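Everything on this sheet refers to the single structure shown next.
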Amino acid sequence: MKMRAGVAVAFMLVSGGAAHARGTCVVEAKKTTPIVIEVAPREATPFMLRVEGLPVAVELGGLETPATVHVRGGALAFDARAKPADLSLRTRKTVESQNGMLKLAASTEKLVAFGNVHSKSADGDVHLPGVAIRGVTLPCDGLTLDDVPEPKPTLEDDGSPRYVAVGKVLHFRYQPGPKGTAMEVAIDDPDALELKRLEEQSGYFRVSSRWADGTMLIGWVKKDELTAAGAHHERIADVLPPPAGACPDRPRAAANERIVTATVAVGTQVFAARYLGPWAKVTDGGKLQVRFRPKDDWVEIVGAPGLASVTNCATNVTLDDAWIPRAAIKLPAGATPVAPSDGAPK
């Protein structure tokens, strides 16, 4: 169970990792956590796929452009695009902001990132439950798409005075006083951010807030932006959404069809429909499930490791929009079109 499943981070990212020629940050994964991508075949309608457990490289896009996702190492190789919010970016290690006022624990999830060619850092907003931290600069190389072990949760409460925001925005500074650029912290609910007072100087309190995973916010805040907190509650975890209900998640075969695992020639082009919309090539032809019919020159790929069409069923494993010429496959011995009684792969 993730400690802070609702965490979201939005920020500008630039050169880091395996950067392309233009310098944009490329975030890679050996076995990506689930991400949702959009495939846009030539002369065919775009469609959505869920990718999980495959090697990918994501070239982050800009504010007005989607990220480019390169899927490699599975049964199919192809390029796609993705909205920043659909990428399961997270911190691969403990990451500290450039201003020294924010530290994010390893495995901080749901990072929303945008490319920028001018720097090796990441600028933007960090969203925690009920709290939005604006004007943060983070290192680009602290991002990953791989799963990251969560830090062991720890709690701290030394009895220090605690404060909450008077209004909807707090202004954190590295030093007491009005000089320098302030980091804004917007607050939906004052109780969402309790701050421990560390010291006082020149009309400012130096305050900190620490989450159970080690994420920490620390800085100087003007005294009149704060008020004493009520009862203190330790934060251990956020409420996770309820699990998805049961639904069909396997390829189905109609009458006069059969689903088998077949050998497909490496290099075979995959189309979104018969004769139309090439979007991928087969790189490992021994791991594909196909659905075929008698006297049909085309075969559907309905199962490929790590790929599934996005549907209302969260556990769907069926691949749609993937057609290949029948001449490119070698059916197993005895594979003749029959109708499975339960619709399950045979």
Item to check | Number of the exception - Phe11 against (1) of a type outside the set (A, V, I, L, M); (2) assigned to a strand (DSSP E or B); (3) modelled with pLDDT of 80 or more; (4) farther than 30 Å from Ile329 by Cα | outcome: (3)
Checklist entry - Within segment 200-219, is even one residue under 15 Å from Leu102 (Cβ atoms), at pLDDT below 95, part of a strand (DSSP E or B) and of a type in the set (Asp, Glu)? => result no
Next on the checklist: Conditions first: (1) hydrophobic (A, V, I, L, M, F, W, C); (2) at pLDDT below 95; (3) closer than 18 Å to Val71 by Cα. Val338 passes all but one, so which condition is the exception?
Outcome noted: (3)
Checklist entry - Name the residues in segment 14-53 that are at pLDDT 90 or above, over 16 Å from the mean Cα position of the chain (by Cα) and not in a loop (DSSP other than H, G, I, E, B), would you? => result Val39, Phe47
Checklist entry - Does Thr32 satisfy the condition of being in contact (Cβ under 8 Å) with a residue 24 or more places away in the chain, of a type in the set (S, T, N, Q) and under 25 Å from Asp284 (Cβ atoms)? => result yes
Item to check | Residues located in segment 258-272, provided they are buried (at least 19 other Cβ atoms within 10 Å of the Cβ) and in a loop (DSSP other than H, G, I, E, B) | outcome: Thr268
Next on the checklist: When the residues of segment 273-322 are narrowed to those that are outside any strand (DSSP E or B) and among the hydroxyl-bearing types (Ser, Thr, Tyr), which ends up surrounded by the most Cβ atoms within 10 Å (Cβ to Cβ)?
Outcome noted: Thr318
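One line per residue, one yes/no per condition, for (1) in contact with a Pro (Cβ under 6 Å, 6 or more places away or on another chain); (2) of a type in the set (Ser, Thr, Tyr); (3) touching a residue at least 24 places away in the same chain (Cβ under 8 Å):
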{"position": "Thr261", "(1), (2), (3)": "no, yes, yes"}
{"position": "Val266", "(1), (2), (3)": "no, no, no"}
{"position": "Tyr275", "(1), (2), (3)": "no, yes, no"}
{"position": "Ala280", "(1), (2), (3)": "no, no, yes"}
{"position": "Leu288", "(1), (2), (3)": "no, no, yes"}
{"position": "Val299", "(1), (2), (3)": "no, no, yes"}
Checklist outcome for this item: Subset of segment 185-199, residues outside any loop (DSSP other than H, G, I, E, B) and either under 24 Å from Lys93 (Cα atoms) or basic (Lys, Arg) (or both), comes to Val185, Lys196, Arg197
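The values are calculated or read from the model by the stated rules, or taken from the named source; none is laboratory data. All of these numbers come straight from a predicted model, not from anything done at the bench. Methodologically, a virtual Cβ is constructed for each residue, glycine included, from the backbone with ideal geometry; neighbour enumeration extends over all protein chains shown.
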